[in-house]
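The values are calculated or read from the model by the stated rules, or taken from the named source; none is laboratory data. Nothing here was measured: the structure is a model prediction, and the numbers come from that model. Quick reminder, even Gly has a Cβ in these numbers, built from the backbone with ideal geometry, and neighbours come from all protein chains shown. Protein only, heavy atoms only, side chains kept; ligands, DNA and RNA dropped before computing areas. Shrake-Rupley method; radii C 1.70, N 1.55, O 1.52, S 1.80 Å.
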Amino acid sequence: MEEHRNNNAPELGKTIAKDFLELIFQKYDGNYSFSIKDLRLEKVQQQQSNIDVLLYLRNTLYKGPNVYIIIEDKTSSGESRKNQLEYYVNRLQKKNHDNVIIPVYFKTGYLSPIKKEELEHRELIVIDTYDIYSIMVKHSSNIQQDVILCSWWEHFYEKYYKNVLAIENLTITEHSTLKKFQAVELKGGLEPLFDEVSNILMKQFEDTWIMKKIKPQGKGQTSLQIMLTKDHWINVDKGVSASINFIMKRNFTFTLVLQIKTEPHYPQNNLTSYEIARLKNVQKMFKNYMNQAGLRN
């Protein structure tokens with residue numbers, strides 16, 4: 001029985017890989033129409049020039065274009081640089097003018113509808129959690145016979161697929177409590193949760209405040225913020241602005257912070273001594289006003 005499993009494992013892996021390739025070509029909306037039977041996989045490279053996976057498929061048809069598929073495998077992380085996949089495509093295109101290059105954003109974890117729409121607008125092929133599940137579940141009975149595939153499938157189902165379902169089934173009302181969410185671990189679910197909470201809390205300020213959502217920048221920032229300000233709080237002539245920032249941390253705690261910064265904003269280590277002194281004077285003025293109004297307590 002064990003020998004039978006090992007013999008079938010490579011064929012099952014090829015079948016699943018073929019299903020993913022067919023899905024990619026179904027989603028591809030370029031100038032060519034491809035059929036798996038006309039393409040032969042010639043090369044698979046991993047971490048080639050920072051690309052997670054690079055596939056090269058040779059077209060067996062006369063004068064048909066060959067195909068490169070760039071796959072960026074994302075779990076809970078986003079792109080390491082702006083328009084990361086487009087950068088790889090442009091770099092590869094310089095050496096392969098006559099070939100078709102297909103960029104694929106392979107997202108194992110939660111992908112918000114807004115982010116998915118943005119990726120598709122950039123003409124990227126998006127393979128999300130539901131795509132992965134729909135392919136793998138077709139082979140679930142056979143996957144049980146292969147130790148490696150079975151382990152990956154169970155890990156994906158428990159850690160990612162069930163988590164995505166939990167996030168998308170999450171409902172928040174005006175009567176929801178923080179305690180309810182602090183007891184729930186939703187990997188990758190902080191942003192959609194924050195969106196719903198902030199929409200409820202901030203709805204009453206839409207007409208009187210300028211609101212801007214601040215996304216996490218890099219691995220160091222672990223909180224989500226909405227910045228509330230008003231036109232007269234932004235003084236370009238004096239080079240300063242003020243805002244109230246509604247902050248949600250990873251442990252589902254919330255804070256309100258009064259922020260006074262340069263306008264336009266620059267890191268403090270890039271400011272001149274004059275600009276720093278001017279900023280500190282404005283901050284001192286605001287603190288004095290808050291103390292007099294009893295707002296700091």
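Some observations on this one:
- A Förster distance of 25 Å, applied to the separation of the beta-carbon atoms of L271 and K212, puts the FRET efficiency at 0.70.
- Summarising the amide proton neighbourhood of V53: residues at separation of 5 or more, or on other chains, whose placed amide H is nearer than 5 Å comprise Q47, I71, D73.
- Accessible area in the full protein assembly, largest first, 1.4 Å probe, for L92, L41: L41, L92
- Global size of the range 10-126 as Cα Rg and Dmax, reported in angstrom: 14.2, 42
- Backbone HN-Hα couplings from phi across the range 270-276 [Karplus 6.51/-1.76/1.60, Hz, Gly and Pro as x]: 9, 8, 6, 4, 5, 5, 5
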